[in-house]
Amino acid sequence: MNRKGEPLNIEELFNQLLGGNIVLLVLAALIIIALFKAVRIVPQSEKYVVERFGRLRTVLGPGINVIVPFLDRVRHKVSVLERQLPIHSQDAITSDNVLVQVETSVFYRILEPEKTVYRIRDVDGAISTTVAGIVRSGIGEMELDEVQSNRQQLIAKIKHQVADAVDDWGIEVTRAEILDVNLDNATREAMLQQLNAERARRAQVTEAEGTKRSVELNADAELYAAEQKAKARRISADAEAYATEVVAQAIKEHGIESAQYQVALKQVEAMMEIGKGTGKQTILMPSNIVDAFGDAFKMLKGRA
């Protein structure tokens with residue numbers, strides 16, 4: 001009801017409620033807005049660069065952070081995740097004047113965003129240009145064969161020099177890769193011919209070494225056989241000398257009968273060997289063979 005006793009409409013009721021509390025409502029709204037502007041929740045994968053009146057104030061890390069509302073402003077939100085530059089292809093000339101096309105890729109991450117946002121505008125472009133210059137310089141000091149065989153050494157050199165170059169930008173180079181080294185068709189055909197010639201040379205060398213080894217082994221085998229035959233002859237000679245010595249000793253001790261006994265015994269053994277033959281055969285025997293048997297038996301009886 002109003003002062004006249006008339007009922008209030010909705011507009012009059014709203015104006016009455018706000019008339020005395022408008023200041024409080026505005027103040028509450030300002031406090032809520034200030035709280036929203038003062039509290040900043042930073043994700044784990046990012047860092048916030050805060051400015052005050054256009055100058056660097058601080059860098060907010062992951063978690064809940066509080067800044068001065070209306071004075072401090074989050075100017076840059078920088079991701080600290082590892083990044084990969086697009087695969088870059090560039091030409092380079094080796095020390096032996098061979099044109100090669102090198103494909104490179106670089107991985108990096110931002111460690112100090114306050115340096116990155118205020119010292120360099122295009123991070124990817126700057127790193128790509130730096131890598132291109134380092135790759136050309138590194139390949140220019142190496143021959144083509146070294147580029148192909150010492151790729152890890154070249155990668156380590158690129159990574160080290162790029163890391164030194166981007167240190168002022170608050171960036172860490174985590175990996176540098178040379179994905180491929182391509183040659184033009186003429187160089188590729190020349191290298192293929194050289195490779196085929198080298199393979200043929202190696203095959204000829206291998207075959208020659210095999211022939212040489214075979215000759216050496218055959219010579220060693222013949223030498224070994226000759227040595228064994230010589231040893232056998234020496235052993236046989238020693239045995240014959242020993243037998244002769246025994247016979248001589250027997251003759252010395254027992255007289256000529258010992259020698260005659262040995263001769264007769266050998267004749268008997270020879271006849272026995274001839275008699276062991278099979279089939280029909282004709283045996284020629286000396287005329288005094290019977291006397292030889294008789295003499296042998298007499299000597300055996302006498303020795304018995």
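One table, with the values for the structure above:
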read-out	value
Pairwise Lys count, the range 36-185 - Cα closer than 26 Å, eight or more residues apart or different chains	9
Accessible area (Å², 1.4 Å probe, nearest 10) - S128	30 Å²
FRET efficiency, S105 to V23 (Cβ-Cβ, R0 45 Å, nearest 0.05)	0.15
The range 172-253: trypsin sites (Lys or Arg not before Pro) in DSSP coil with no more than 16 other Cβ atoms inside 10 Å	none
In nm, spacing of pseudo-spin labels at L183 and E245 (7 Å Cα→C-beta vector)	7.7 nm
Nearest-20 debye value, the range 121-180 charge dipole, Cβ charges on Lys, Arg, Asp, Glu	60 debye
Sequence of H160, H88 from largest to smallest accessible area, 1.4 Å probe	H160, H88
DSSP-assigned coil residues among chymotrypsin sites (Phe, Trp or Tyr not before Pro) in the range 22-95, each with at most 14 further Cβ atoms within 10 Å	F53, F70
Cα-based shape type of the range 46-161, given that a ≥ b ≥ c are square roots of the gyration tensor eigenvalues and the cut on a/c is 1.5	prolate
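The values are calculated or read from the model by the stated rules, or taken from the named source; none is laboratory data. If you're wondering where the values come from, they're calculated on a predicted model, not measured in any experiment. We place every Cβ from the backbone using ideal geometry, glycine too, and count neighbours over all the protein chains shown. What goes into the accessible areas is simple: the full protein's heavy atoms, side chains included, and nothing from ligands, DNA or RNA. Shrake-Rupley method; radii C 1.70, N 1.55, O 1.52, S 1.80 Å.
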